[in-house]
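S.K.: First the structure, which I've put down as C-alpha cells, then a few questions once you've had a look.
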Amino acid sequence: ILLENDLRKSLERNELQLFYQPQVSLFPTRRIGAEALLRWNRGHAQWISPADFIPLAEETGLILPIGEWVIRTACEQGKRWIDAGYEPFIMAVNLSPRQFRQQNLVELVRDILRDTGYPPEYLELEITEGMTLDVESASEKMRQLRELGVQISIDDFGTGYSSLNYLKRLPISRLKVDRSFVRDIESDLGDRDIVKAIISMAHNLKITVIAEGVENEEQLSFLQENDCDEVQGYFFGRPVPADEFERGMDIQN
Ligand code: G
Ligand code: G
Ligand code: MN
Ligand code: NA
C-alpha cells in the first residue's frame, strides 16, 4: 500500500526520477521532442507508475511540490542537453488538474525558466480536456503561460469533452491524439474516422497533431497517409532514463 508519508519523503530521498520518451515528426522523420514521464523508485528495483500514485498526490496536495520538481528537473535536463551541443527540442511535461488550478502556476513556471535558463519556447505543458471545462478561466491561465513563451498541448485528446468552438477559444499549439484511438487503427473503421476528423479539425485551426501509442509500421503508415504531423510510441522508443535517451540524440551540425 502507498502511504502518504512515503510519498512525502520520496522527494527528499531522491526516489523520483524522470524518464524521457521521444516524439518524432513525420515529414521528415526526425526526433523533435521528448515527453518527461515521472517514475518513483521505492528501492529494491520496485518502480511505481504515476498512474498509481498521482491520485494520492492529488488528494494530499503533494502533487504541488512533486509537480514543481518535475518541471524544474525537465528544464534542467533540457538545458544540459542544449549546453552539450544537442539541437534544442520540445520538452513536454504533464500537469495534473490541481497543478493547473494552482494560484501561482504562472509565477512558478516563470521562476523555473529563469533559474534554469531553459528557452521557454521549447517547454510544453500538457493538460487534459477535463482541466479546461471552465473555458474562461482555463483560457486566461493558458494565455498567461503563453505570454511566458511556453507551449500548451491537450493530452489524451478525444477521450473527454470537446468541440471545435471550445478548441478555437484555447491558445494551444498541439493536440495529442489519445492512444486508445491508435491501438486498433488498422482494423477499426470508427477509430480511423475519428483520427482523420481530429487531424483535419486541428489543421483547420492551425494546431499540430501528435498521435500517441504508435507501436507498429501499419499504424504509422495510416497516420502518415492521413497527414498526422508527429508521433510518439514504443515503435520509436519507450520512456527511458536521461542517459539512455541521450544515446539516441543528434549533435547539432
Ligand atoms: O508513463 P505512464 O504510462 O506510467 O504514465 C501513466 C500516467 O501518469 C499518464 O496518464 C501520464 O500522463 C501520467 N504522468 C506521467 N508523468 C507525470 C507527471 O510528471 N505529472 C503528472 N501529473 N502526471 C504524469
Ligand atoms: O496520459 P499520457 O499520454 O501522458 O500517458 C503517456 C503514457 O503512455 C506514458 O506513461 C507511456 O508509458 C505510455 N505509452 C507511451 N507510448 C506507448 C505505446 O506505444 N503503447 C502503450 N501501450 N503505452 C505507451
Ligand atoms: Mn502526456
Ligand atoms: Na495521452
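Please treat every number below as a calculation from the coordinates, not as lab data. Given the structure is predicted, the values throughout are model-derived calculations rather than measurements. FYI the Cβ positions are ideal-geometry reconstructions off the backbone, even for glycines, and counts take in every protein chain you see.
S.K.: Mind listing whichever residues of region 24-47 are touching a helix residue (DSSP H, G or I) at 6+ places or on another chain (Cβ under 9 Å) and farther than 30 Å from residue 220 by Cα?
M.R.: Answer for region 24-47, where residues must be touching a helix residue (DSSP H, G or I) at 6+ places or on another chain (Cβ under 9 Å) and farther than 30 Å from residue 220 by Cα: 40, 41, 42.
S.K.: Tell me which of these residue 126 doesn't satisfy, since it passes every other one: (1) within 16 Å of ligand 4 (Cβ to nearest atom); (2) more than 18 Å from residue 38 (Cα to Cα).
M.R.: (2)
S.K.: Also, I was wondering about something else. Hey, any hits in region 26-37 for a residue that's touching a strand residue (DSSP E or B) at 6+ places or on another chain (Cβ under 7 Å), part of a strand (DSSP E or B) and more than 24 Å from residue 212 (Cα to Cα)?
M.R.: No - not one qualifying residue is present in region 26-37.
S.K.: Please state which one of 211, 242 is in contact with a Cys (Cβ under 6 Å, 6 or more places away or on another chain) and either more than 16 Å from ligand 3 (Cβ to nearest atom) or within 30 Å of residue 47 (Cβ to Cβ) (or both).
M.R.: 211
S.K.: Another question about this same structure. Among 113, 26, 108, 95, which is under 13 Å from the mean Cα position of the chain (by Cα) and aliphatic (A, V, I, L, M)?
M.R.: Result of the check over 113, 26, 108, 95: 95.
S.K.: Quick check, is residue 202 surrounded by 14 or more Cβ atoms within 10 Å (Cβ to Cβ), closer than 23 Å to residue 169 by Cα and either of a type in the set (S, T, N, Q) or touching a helix residue (DSSP H, G or I) at 6+ places or on another chain (Cβ under 6 Å) (or both)?
M.R.: Spelling it out, it is not the case that residue 202 is surrounded by 14 or more Cβ atoms within 10 Å (Cβ to Cβ), closer than 23 Å to residue 169 by Cα and either of a type in the set (S, T, N, Q) or touching a helix residue (DSSP H, G or I) at 6+ places or on another chain (Cβ under 6 Å) (or both).
S.K.: Tell me the residue from 23, 17 that is of a type in the set (S, T, N, Q), in contact (Cβ under 8 Å) with a residue 40 or more places away in the chain, within 11 Å of ligand 1 (Cβ to nearest atom) and in contact with a Lys or Arg (Cβ under 9 Å, 6 or more places away or on another chain), please.
M.R.: 17
S.K.: For region 97-155, enumerate the residues that are in contact with a Pro (Cβ under 7 Å, 6 or more places away or on another chain), part of a helix (DSSP H, G or I) and farther than 23 Å from residue 179 by Cα.
M.R.: Matches in region 97-155: 113, 122, 139, 142, 143, 146, 148.
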